[in-house]
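Undergrad: The structure that follows is given in the form of structure tokens.
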Amino acid sequence: YSSKGKNYSVGYDKTFLIDAVAQALEYERFDSRYSETQRKAEQIVIHYGDEKLLLDFENRTREVIR
């Protein structure tokens, strides 16, 4: 597939390429100023200012920390 001067190559169980360069597909689940969380994490912490939201999937809890 070609678009805007770039060539894309993708297929089932194949490497994703842009202009013949392999693209990394393993990345963090969230990577922002509010949360940096790995894939399949048991907990997610979202922070904004002085407040935090803790989502604990293993224990099925949600906690606001101020």
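The values are calculated or read from the model by the stated rules, or taken from the named source; none is laboratory data. Since the structure is predicted, the reported quantities are computational estimates derived from the model, not experimental observations. With ideal geometry, Cβ positions are generated from the backbone for all residues, glycine too; neighbour counts draw on all protein chains shown.
Undergrad: All but one of (1) in a strand (DSSP E or B); (2) surrounded by 12 or more Cβ atoms within 10 Å (Cβ to Cβ) hold for R62, so report the exception by its number.
TA: (2)
Undergrad: Which ones in the range 30-51 are part of a loop (DSSP other than H, G, I, E, B) and under 14 Å from the mean Cα position of the chain (by Cα)?
TA: Scanning the range 30-51 gives S32, R33, Y34, S35, Q38, R39, K40, A41.
Undergrad: Oh, and also: How about the range 1-24: which of its residues are touching a Phe, Trp or Tyr at 6+ places or on another chain (Cβ under 7 Å) and either part of a loop (DSSP other than H, G, I, E, B) or under 30 Å from I65 (Cβ atoms) (or both)?
TA: Y1, V10, Q23, listed by residue number.
Undergrad: Cβ contacts < 6 Å: first residue of a type in the set (D, E), restricted to the range 21-50; second residue loosely packed, with under 10 Cβ neighbours inside 10 Å, any location; separation 6+ or different chain. Result?
TA: E42/E58
Undergrad: Only one of (1) of a type in the set (V, I, T); (2) modelled with pLDDT of 95 or more; (3) in contact with an Asp or Glu (Cβ under 7 Å, 6 or more places away or on another chain) fails for T37. Which number is that?
TA: The single condition T37 does not satisfy is (2).
Undergrad: Quick one: would you say L54 is assigned to a strand (DSSP E or B) and either under 19 Å from the mean Cα position of the chain (by Cα) or within 30 Å of N7 (Cβ to Cβ) (or both)?
TA: yes
Undergrad: Looking at the structure I just gave you, is Y27 assigned to a loop (DSSP other than H, G, I, E, B) and in contact with a Phe, Trp or Tyr (Cβ under 8 Å, 6 or more places away or on another chain)?
TA: Taking the combined requirement at face value, the residue does not satisfy it.
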